[in-house]
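The structure appears right after this line, and notes come after that.
The values are calculated or read from the model by the stated rules, or taken from the named source; none is laboratory data. Please read these numbers as outputs of a predicted model, since none were measured by experiment. Neighbour counts run over all protein chains shown; Cβ positions are idealised from the backbone, glycine included.
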Amino acid sequence: MTDNKEKESALVEAILYLESEPVDEGAIARISGLSRESVKNALDKLSEKYANANSGIELSRIGGGIMLSPKSEFRENPNMKERYGKKNEGKISRAAMETLAIVAYSQPVTRAEIEKIRGVSADNMIRLLLEKDLVREAGKKDIPGKPVLYGTTREFLKLFRLNSIAELPKLSESDIEKFELQGEKY
């Protein structure tokens, strides 16, 4: 590897270190002044570097962006969780988590559809999830009254360390039945 390629990898690494949010390859190219191909090559080089067993960090693809994060074996360490995990846990109640799961698996979904599935009012939970930036208004449903549709946010993807909604765990048959009401699928 040429000295120039190593410097490019080091520059991309510095950018990822300084960014507190996941950043996409295009943004890295703009910030660094490198071509997209050079950024891609630098990211490949960094992935190889961090794959080494002696490294405590890895490149994570979250919400369509890339960031440096501790390897999962260290994120799960009780001492690390105690000191660093608190800020990311967000303390979500069971009711809020149920509502968030419905939104994640059924999006876009209306408040009424959430309430049908949960069997209770969802106003407070939706308000809480909006405040925490875990759900967002995703438009209006084309039915009388034009109710608001809700979907998940990039913050949701970051919280659950997902690159996209497609990475959500698959539902079991019994879980799928919970999302079906009177022959309707959500």
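Would you pick out the residues in the stretch 116-140 that are modelled with pLDDT of 90 or more and in contact with a helix residue (DSSP H, G or I) (Cβ under 9 Å, 6 or more places away or on another chain)? Selection gives I126, L129, D133, L134, V135, R136, E137. Of the residues making up the stretch 159-169, those that are in a loop (DSSP other than H, G, I, E, B) and either at negative phi or at pLDDT 90 or above (or both) are F160, L162, N163, S164, L168, P169.
When restricted to residues that are surrounded by 15 or more Cβ atoms within 10 Å (Cβ to Cβ) and free of Cβ contacts under 8 Å to residues at least 24 places away in the same chain, the stretch 50-68 contains 3. Say whether the condition of being modelled with pLDDT of 90 or more, surrounded by 14 or more Cβ atoms within 10 Å (Cβ to Cβ) and within 30 Å of G139 (Cβ to Cβ) is met by at least one residue in the stretch 5-19. Within the stretch 5-19 (the criterion being modelled with pLDDT of 90 or more, surrounded by 14 or more Cβ atoms within 10 Å (Cβ to Cβ) and within 30 Å of G139 (Cβ to Cβ)), the answer is no, since none of the residues qualifies.
Report, by residue number, each residue of the stretch 2-12 that is of a type in the set (S, T, N, Q), free of Cβ contacts under 8 Å to residues at least 24 places away in the same chain and assigned to a helix (DSSP H, G or I). Working first, answer last.
Quick first cut of the stretch 2-12, residues of a type in the set (S, T, N, Q) only: 2, 4, 9.
Among the residues that remain, those that are also free of Cβ contacts under 8 Å to residues at least 24 places away in the same chain are: 2, 4.
If the condition is that a residue be of a type in the set (S, T, N, Q), free of Cβ contacts under 8 Å to residues at least 24 places away in the same chain and assigned to a helix (DSSP H, G or I), then N4 is the only one that fits.
I'd like to know if the stretch 31-47 contains one or more residues that are buried (at least 18 other Cβ atoms within 10 Å of the Cβ), under 29 Å from I165 (Cβ atoms) and at pLDDT below 90. Taking every residue of the stretch 31-47 in turn, none turns out to be buried (at least 18 other Cβ atoms within 10 Å of the Cβ), under 29 Å from I165 (Cβ atoms) and at pLDDT below 90. In the stretch 13-26, the residue that is nearest to K45 (Cα to Cα) out of those that are assigned to a helix (DSSP H, G or I) and in contact (Cβ under 8 Å) with a residue 12 or more places away in the chain is E13.
Within the stretch 27-40, work out how many residues are touching a residue at least 12 places away in the same chain (Cβ under 8 Å) and not in a helix (DSSP H, G or I). Going through the stretch 27-40 one residue at a time, the tally reaches 1.
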